[in-house]
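Each remark here refers to the structure printed beneath this line.
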Amino acid sequence: MMIDTTVNTKKLFEIDQRIDKLVKKIELLRYVNPVNIEEEKTKFFSSKYLTDPNFVYPERDFDKFKLHSEFFALPLEDIEDQKIRDLYEDIIYFYSGLIQCIETIGEGNRFYYNSLRSFGSPTEDDVENAKFILHFEDEDTSSEAFKPKYTSKESEQFFIDYGKNYDFDFSITHSRKMSAIAMVLNSTRSLVLKENYKYSDNELAILTNHEIGVHMVTTMNALEHPLKIFSHGFPGNEETQEGLAVFSEYMSGNLTLKRLKELAYRVMAVNGLAKGYSFSKTFRSLHNTFDLNREDAFYITARAYRGGGFTKDYLYLTGLKKIYNYYKEGKDLGILLTGKVTLEYASQIEYLIQQKYAVSSKYLTNSYNKNNNTNETINFILDNLK
């Protein structure tokens, strides 16, 4: 790509490069995952679900005051293009909110209120959507596809084989210190698998399409742009990115009612958090009222309550509905795979491509080529979410 080298363009790239250096230490998931989740689970179960966990978090390794001041000292007025300047202003406020989240991890309501500002919380419609999903009868989860079989080490090969669909490389690591069973770390271009977990065939089908087919694809596409903001993320990108990832599960024919219910349980956990319920009360609601097994109920509650109240988890279901509607309207999913971008900024992405500050997606999620979902119940649910 030929890039304009005028003075104004140089100033834009200087600001973009400066932001790149500033945000390298603020990948929220590096800090918000408890390091003692398994120990606290054992204690919580021993207490008969009455004593809330006391999670411990990784040490932060940046000067929060210096980082804030450096962000707001950036000379955005040097960006002459109004559309691009407005985008960068939104981005700086977004990153500032993430810094506030990180600096208050483990500080109860202080973290929760910062999380609210960055991610919001479920609306009444979101909660009704979750309850709507939860009233459907479960599939036969005793079938072979749902049986835990593979250790994290044995599971590596499934991800490696799936990754051959794409012309890029990524590393695989293992960790005990995470509440998710798998996740992509954008900064290191790596997939992290939960070390003490056994994966089923269905989970591996879901995770390959979700983690590699979308999260790793958008990580790699982001590297193709001259601007670094595609790697670090547009404001509110979590909803779009998770929506795309779950939609990949759907298009590949692997989205089950069990998985949809997992997303619905996450909404209910965040709703319990928003209502001021204790960890144990929300856990008991999932375990007793909604009849979720205690292992899953613990991890889903822990995901919502980590840090002091992490509201992000409800966005998986809202994101899926938005992406599903976007697809049904015949719109271009490729524009949303250009990096860690947000559906609401689609026109800005197109503008950046037109101005040669960005490029079209090099890698496209292979499950999007054809709709392989054959489950009419899943279609009915997605069509009828509010």
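Only residues that are without any contact (Cβ under 8 Å) to a residue 12 or more places away in the chain, open to solvent by 80 Å² or more (accessible area, probe 1.4 Å) and either within 30 Å of Asn293 (Cβ to Cβ) or touching a helix residue (DSSP H, G or I) at 6+ places or on another chain (Cβ under 8 Å) (or both): list them for region 42-80, please. Thr42, Lys43, Ser46, Lys48, Glu77, listed by residue number. The single residue among Ser361, Ser347 that is among the polar types (S, T, N, Q), open to solvent by 20 Å² or more (accessible area, probe 1.4 Å) and either closer than 27 Å to Glu262 by Cβ or touching a residue at least 12 places away in the same chain (Cβ under 8 Å) (or both) turns out to be Ser361.
When Leu223 is tested against the conditions (1) closer than 21 Å to Arg176 by Cβ; (2) free of Cβ contacts under 8 Å to residues at least 40 places away in the same chain; (3) open to solvent by 10 Å² or more (accessible area, probe 1.4 Å), the lone failure is (1).
Given the criteria touching a Ser or Thr at 6+ places or on another chain (Cβ under 8 Å), over 20 Å from Leu12 (Cβ atoms) and open to solvent by 70 Å² or more (accessible area, probe 1.4 Å), does Asn384 qualify?
Values: touching a Ser or Thr at 6+ places or on another chain (Cβ under 8 Å): no; over 20 Å from Leu12 (Cβ atoms): yes; open to solvent by 70 Å² or more (accessible area, probe 1.4 Å): yes.
Here the answer is no, as Asn384 does not meet what is asked.
Quickly run through region 29-41 and pick out the residues that are β-branched (Val, Ile, Thr), crowded, with 17+ Cβ neighbours inside 10 Å and out of contact with any Gly (no Cβ under 7 Å at 6 or more places or on another chain). Listed by number, the list holds a single entry, Ile37. Among the residues of region 274-314, those that are among the charged types (D, E, K, R) and either touching a residue at least 60 places away in the same chain (Cβ under 8 Å) or open to solvent by 40 Å² or more (accessible area, probe 1.4 Å) (or both) comprise Lys275, Lys281, Arg284, Asp291, Arg294, Glu295, Asp296, Arg303, Arg306, Lys312. Out of Tyr305, Tyr324, Tyr351, which single residue is under 29 Å from Gly106 (Cα atoms) and either in contact with a helix residue (DSSP H, G or I) (Cβ under 9 Å, 6 or more places away or on another chain) or not in a loop (DSSP other than H, G, I, E, B) (or both)? None of the others qualify; the one that does is Tyr305.
Scanning region 112-126 for residues that are aromatic (Phe, Trp, Tyr) and buried (at least 18 other Cβ atoms within 10 Å of the Cβ) gives Tyr112, Phe119.
When region 95-118 is examined, which residues are found to be β-branched (Val, Ile, Thr) and within 15 Å of Pro235 (Cβ to Cβ)?
Let us first name the residues in region 95-118 that are β-branched (Val, Ile, Thr), namely 99, 102, 104-105.
Hit for region 95-118 is Ile99, nothing else.
Of all the residues in region 181-212, those that are open to solvent by 10 Å² or more (accessible area, probe 1.4 Å) and in a loop (DSSP other than H, G, I, E, B) number 9. Screening region 127-144 for residues that are open to solvent by 40 Å² or more (accessible area, probe 1.4 Å) and part of a helix (DSSP H, G or I) and picking the one that is modelled with the lowest pLDDT gives Glu144. If you filter region 170-180 down to residues that are open to solvent by 40 Å² or more (accessible area, probe 1.4 Å) and in a loop (DSSP other than H, G, I, E, B), you find that the one that is farthest from Glu262 (Cα to Cα) is Phe170.
Contact annotation: residue pairs with Cβ atoms under 8 Å, 6 or more positions apart or on different chains, pairing a residue in region 1-24 that is more than 17 Å from Leu87 (Cβ to Cβ) and open to solvent by less than 100 Å² (accessible area, probe 1.4 Å) with a partner that is part of a helix (DSSP H, G or I) and modelled with pLDDT under 90, are Ile3/Thr9. Among the residues of this structure, Lys340 does not count as one that is open to solvent by less than 30 Å² (accessible area, probe 1.4 Å), assigned to a helix (DSSP H, G or I) and not acidic (Asp, Glu).
Test Asp291 against the stated conditions and say whether it is within 30 Å of Ile37 (Cα to Cα), of a type outside the set (A, V, I, L, M) and in a loop (DSSP other than H, G, I, E, B). Yes; evaluated as a whole, the condition is true for this residue. Of the candidates Asp161, Asp167, the single residue that is open to solvent by 40 Å² or more (accessible area, probe 1.4 Å), in a helix (DSSP H, G or I) and within 30 Å of Glu224 (Cα to Cα) is Asp161.
Could you run through region 102-111 and say how many residues are surrounded by 22 or more Cβ atoms within 10 Å (Cβ to Cβ) and not in a loop (DSSP other than H, G, I, E, B)? Here the count works out to 2.
Of all residues in region 238-267, those satisfying the criterion of being within 16 Å of Thr365 (Cβ to Cβ) and either among the acidic types (Asp, Glu) or open to solvent by 20 Å² or more (accessible area, probe 1.4 Å) (or both) are Glu242, Glu249, Ser252, Gly253, Asn254.
The values are calculated or read from the model by the stated rules, or taken from the named source; none is laboratory data. Since we're looking at a predicted model, the values are computed, not measured. In this analysis, Cβ positions are derived from the backbone assuming ideal geometry, glycine residues included, and neighbour counts consider all displayed protein chains. Just so you know, the surface numbers come from the protein's heavy atoms only, side chains and all, with ligands and any DNA or RNA stripped out. Shrake-Rupley method; radii C 1.70, N 1.55, O 1.52, S 1.80 Å.
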